[in-house]
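Since every read-out is calculated from the coordinates, none of them should be taken as a lab result. Everything numeric in this text was worked out from a predicted model, so none of it was measured. Using ideal geometry, Cβ is built from the backbone for each residue, glycine included, and neighbour counts are taken over all protein chains shown.
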Amino acid sequence: MFLIVAKYLIPKGYRGMAVFPFVFMKYDLDKTNGTFVNHEKIHLKQQKELLVLPFFIWYFLEYLMRLIQYKNKDLAYRNISFEREAYANETDFEYLKKRSFFQFLNYITLK
């Protein structure tokens with residue numbers, strides 16, 4: 001994993017973005033933000049499982065489906081299965097050690 005500060009690469013309203021094997025972030029301080037880094041590490045793991053390109057295709061298609069479902073871009077983003085898994089476990093710094101394969105599938109439907 002490579003942490004790169006790229007203020008102008010990150011879309012407005014977001015702090016970071018994982019693109020295997022890089023984590024791009026808007027602010028240098030986030031390099032030491034354990035929760036932020038763990039969230040992005042979860043995305044890197046998801047990307048490795050799906051061999052990167054299929055991850056982004058799935059991510060985009062699920063975002064479109066959620067946008068139709070919620071009619072709100074922020075709610076759509078927050079309810080993408082990959083984001084739901086990352087947000088639910090970003091403060092558990094042991095999560096990636098115990099995470100099972102394709103765990104994001106458990107976050108597709110709301111429970």
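Remark: C-alpha extents of the chain on the principal axes read 35, 33, 25 Å, sorted largest to smallest. Taking other Cβ atoms within 10 Å as a rough exposure proxy, L96, L29 sort from fewest to most as L29, L96.
Pick out, in residue order, every one of the trypsin sites (Lys or Arg not before Pro) in the range 4-90 that is DSSP loop and has at most 11 other C-beta atoms within 10 Å; say none if there are none. Mind showing how you got there, number by number?
Values: sites: K7, K12, R15, K26, K31, K41, K45, K48, R66, K71, K73, R78, R84; in loops: K7, K12, R15, K26, K71.
Here the trypsin sites (Lys or Arg not before Pro) that fit, given the DSSP loop and packing criteria, are K7, K12, K71.
Restricting the range 36-111 to chymotrypsin sites (Phe, Trp or Tyr not before Pro) that sit in a DSSP loop and have at most 11 other Cβ atoms within 10 Å of their own Cβ leaves F101, F102.
May I ask you to compute the full-extension gain from I57 to Y8, defined as 0.36 nm times their residue separation minus their alpha-carbon distance, rounded to one decimal in nm? Before the final figure, lay out the partial values.
Working: separation 49, 0.36 × 49 = 17.64 nm, distance 2.33 nm.
Fully extending the segment from I57 to Y8 adds 15.3 nm.
If we count every other residue with Cβ under 12 angstrom of R66's Cβ, Lys/Arg +1 and Asp/Glu -1, where does the sum land? Spell out each step's value before the answer.
Numbers: positive: K71, K73, R78, R84; negative: E62, D74, E83.
Local net charge: +1.
Taken about its Cα centre, the chain carries a charge dipole of roughly 160 debye when the Cβ of each Lys and Arg holds +1 and the Cβ of each Asp and Glu holds -1. For the range 49-111, what class follows from the C-alpha gyration tensor (a ≥ b ≥ c being the square roots of its eigenvalues): rounded when a/c is under 1.5, otherwise prolate if a/b is larger than b/c, else oblate? The shape class here is oblate.
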